[in-house]
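So the structure is just underneath, and the comments pick up after that.
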Ligand SMILES: Cc1ncc(COP(=O)(O)O)c(C=O)c1O
């Protein structure tokens, strides 16, 4: 008998898919596991989306998100040609892999053209994107305190590849939370021969941003999202900024209608009401600082964060046990099994009331363990 036909590519059969944070439907759950914003979109955004739900849903949306790109260009002091909008910034990251990295075996395994490089721990999607694309993964450890190695340190690090076709740097980092100084990022960008994507998904909660690097260096893209700071995960809108040549390459390979119409409308309305969001950033940062102090007092090691989450090393019990005990109290946080972070929990910053409920639960668990 002939062998059964293999319908699925071996690469896909062997793939480890990305594991998103849970979205359970548990009544009364305090959900601090996926870095969503605890505050709703602005009333103006909700009104704009509601007003758009009419017979135009039968039409295709604007294929290039032209209005949104024009608004973003104004905001960032560049041209629409410097901006590509994606179905979430995840799509932008995937497009960068497809546009700049030669999959193996076309490129030999040791060829820098095939290399997708990133620090670890950082966003757990990068290795998945590399696997899907058939790229060579190069995961290089951050410093033990999750700070960014300097160029001199990277030069000493035999693992780091200055020729890599594509390098992702998450800043502020996830799940560590540290924001990296633009001056340090610039040195790395200058030293890299390939494209560097600075993934600034959490930058609105940080002290500085590196956007100017995307507008002054021919090999740098800055990726942003409306998901986190702008309360718009549901709508899936992200974008990147960079040299027109890089943006044109991404534009060539994206789906024709990659950004849904209601998402474009919601994002445009968001940019029209930035003050509302800036007030939310302040509230989230204040809650982050409060939580940092409270958890530190309770014996947690809290890493410095410039994001809307904190990475904490809990006392007494293993982190995975804390996860289970908090879940039993209807508080969901995130734990990653990867060895560099398995002693930690990542906690999204919620409302002050959610933060207070977390501290109350932590006190009870700490007393009984
Ligand atoms: C570092 C980082 N980059 C990008 C994203 C993706 O965001 P989006 O919702 O825009 O796809 C996330 C989401 O968790 C993230 O943590």
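Spot the failing condition for residue 184; the list is (1) away from the ligand (no atom under 16 Å from the Cβ); (2) under 14 Å from the mean Cα position of the chain (by Cα), and only one is missed.
(2)
From the set of residues in segment 222-243 that are within 18 Å of residue 192 (Cα to Cα) and within 13 Å of the ligand (Cβ to nearest atom), which is surrounded by the most Cβ atoms within 10 Å (Cβ to Cβ)?
By that ranking, first place goes to 223.
Can you tell me which residue is surrounded by the most Cβ atoms within 10 Å (Cβ to Cβ) among those in segment 255-277 that are touching a helix residue (DSSP H, G or I) at 6+ places or on another chain (Cβ under 8 Å) and over 12 Å from residue 44 (Cα atoms)?
By that ranking, first place goes to 259.
If you go through segment 26-40 one residue at a time, do you hit one that is loosely packed, with under 10 Cβ neighbours inside 10 Å and at negative phi? It would help to see each step written out before you state the result.
Initially, segment 26-40 is screened for residues loosely packed, with under 10 Cβ neighbours inside 10 Å, giving 27-28.
Within this subset, residues satisfying the condition of being at negative phi are 27.
For segment 26-40, residues loosely packed, with under 10 Cβ neighbours inside 10 Å and at negative phi: present.
Determine which single condition residue 24 fails, assuming it passes every other condition in (1) within 27 Å of residue 281 (Cα to Cα); (2) in contact with a helix residue (DSSP H, G or I) (Cβ under 7 Å, 6 or more places away or on another chain); (3) more than 16 Å from the ligand (Cβ to nearest atom); (4) not in a helix (DSSP H, G or I).
If we test residue 24 against (1) within 27 Å of residue 281 (Cα to Cα); (2) in contact with a helix residue (DSSP H, G or I) (Cβ under 7 Å, 6 or more places away or on another chain); (3) more than 16 Å from the ligand (Cβ to nearest atom); (4) not in a helix (DSSP H, G or I), just (2) comes out false.
If residue 149 satisfies all but one of (1) within 28 Å of residue 34 (Cβ to Cβ); (2) in a loop (DSSP other than H, G, I, E, B); (3) in contact with a strand residue (DSSP E or B) (Cβ under 9 Å, 6 or more places away or on another chain), what's the number of the condition it fails?
(1)
Among the residues of segment 128-146, which ones are within 16 Å of the ligand (Cβ to nearest atom), in contact (Cβ under 8 Å) with a residue 24 or more places away in the chain and either within 25 Å of residue 10 (Cα to Cα) or not in a loop (DSSP other than H, G, I, E, B) (or both)?
Keep residues of segment 128-146 that are within 16 Å of the ligand (Cβ to nearest atom), which gives 128-130, 132, 139, 142, 146.
Then drop every residue that is not in contact (Cβ under 8 Å) with a residue 24 or more places away in the chain, which leaves 128-130, 132, 142, 146.
The answer is 128, 129, 130, 132.
Pull out all pairs, ordered by first then second residue, where Cβ-Cβ is under 6 Å, the residues are six or more apart or on different chains, the first lies in segment 78-92 and is farther than 18 Å from residue 245 by Cα, and the second is outside any loop (DSSP other than H, G, I, E, B).
Sorted first by the residue in segment 78-92, then by its partner, the pairs are 88/238; 89/223; 89/225; 89/238.
Only the coordinates and a few stated rules stand behind these numbers; no lab work does. From a predicted model like this one, the values you see are computed outputs, not experimental measurements. Reconstructed Cβ throughout: ideal geometry from the backbone, glycine too, with neighbour counts over all protein chains shown.
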